[in-house]
Amino acid sequence: MWKLINSLISSKEKCSCPLEKLFDPIKSNYTSNPEVMSNIFNTYFVSIGQQLAIKIPPPVHHAYPVKINSPKNSFVLHDTFVEEVNTVINNLLVSKSNRQNDIPTHILKLCKNSLSPFLVQIFNLCIREGTYPQSSKCAQVVSIYKGGPKDLCTNYRPISLLSPIN
């Protein structure tokens, strides 16, 4: 449904050139299977963080204990309000991409006066309960081509698309 709606209201054309094949560094061969290609990208993107973590030097341990005095309740979030949510929605960039099946940003802006009171209730409940909706914790990861041979996953970088409501 959202694909149809987005195609009808989209203000700019999108150029999507599907990747025809990708080199699998583990099997040392090429694949054109979309599921296998997704798994190759996923394996590579996950490994980037692990490789960077190895390069972080270990912490320096002092010969004497370091004591830090901090108040127990030093982190406080206050309830939000409709005007604040409207301001945030107004500042959203329409040019930024959304996840699939999300409300497009320009539609969110058009409907902000109707949606803001409900969003305020949801946000304030999250603050009071100390919880965050599981569905909002998910990002759609897309690969962005950097340059070089297009069939190598190392020539792409991951971008996490979040809902504009996050």
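The values are calculated or read from the model by the stated rules, or taken from the named source; none is laboratory data. Keep in mind that this is a model prediction, so the values were computed, not measured. Glycine also receives a Cβ, built like all others from the backbone with ideal geometry; neighbour counts cover every protein chain displayed.
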Original post:
Taking into account only those residues within segment 131-145 that are β-branched (V, I, T) and either in contact with a Gly (Cβ under 9 Å, 6 or more places away or on another chain) or loosely packed, with under 13 Cβ neighbours inside 10 Å (or both), which is nearest to N166 (Cα to Cα)?
Top reply: T131
Original post:
Looking at (1) surrounded by 15 or more Cβ atoms within 10 Å (Cβ to Cβ); (2) more than 22 Å from the chain's Cα centre (by Cα); (3) not in a loop (DSSP other than H, G, I, E, B), which is the only condition N113 fails?
Top reply: (1)
Subject >> Condition met for P158 (modelled with pLDDT of 90 or more, surrounded by 14 or more Cβ atoms within 10 Å (Cβ to Cβ) and either touching a Leu at 6+ places or on another chain (Cβ under 7 Å) or not in a helix (DSSP H, G or I) (or both)) >> reply: yes
Original post:
What are the residues in segment 90-110 that are in contact (Cβ under 8 Å) with a residue 40 or more places away in the chain and assigned to a helix (DSSP H, G or I), if any?
Top reply: T105, H106, I107, L108
Subject >> segment 13-33 - residue that is in a loop (DSSP other than H, G, I, E, B) and among the acidic types (D, E) and, of those, modelled with the highest pLDDT >> reply: E20
Original post:
Among the residues of segment 131-166, which ones are in contact (Cβ under 8 Å) with a residue 24 or more places away in the chain, under 30 Å from L115 (Cα atoms) and hydroxyl-bearing (S, T, Y)?
Top reply: S136, S163
Subject >> Scope segment 136-166; condition in contact with a Phe, Trp or Tyr (Cβ under 8 Å, 6 or more places away or on another chain), among the hydrophobic types (A, V, I, L, M, F, W, C) and over 17 Å from S32 (Cα atoms); matching residues >> reply: V141, I144
Subject >> Residues of segment 93-110 satisfying the condition of being touching a Lys or Arg at 6+ places or on another chain (Cβ under 9 Å) and surrounded by 16 or more Cβ atoms within 10 Å (Cβ to Cβ) >> reply: T105
Original post:
So which of P117, P65, P133, P71 ends up being of a type outside the set (D, E, K, R), more than 29 Å from P34 (Cα to Cα) and at pLDDT 95 or above?
Top reply: P117
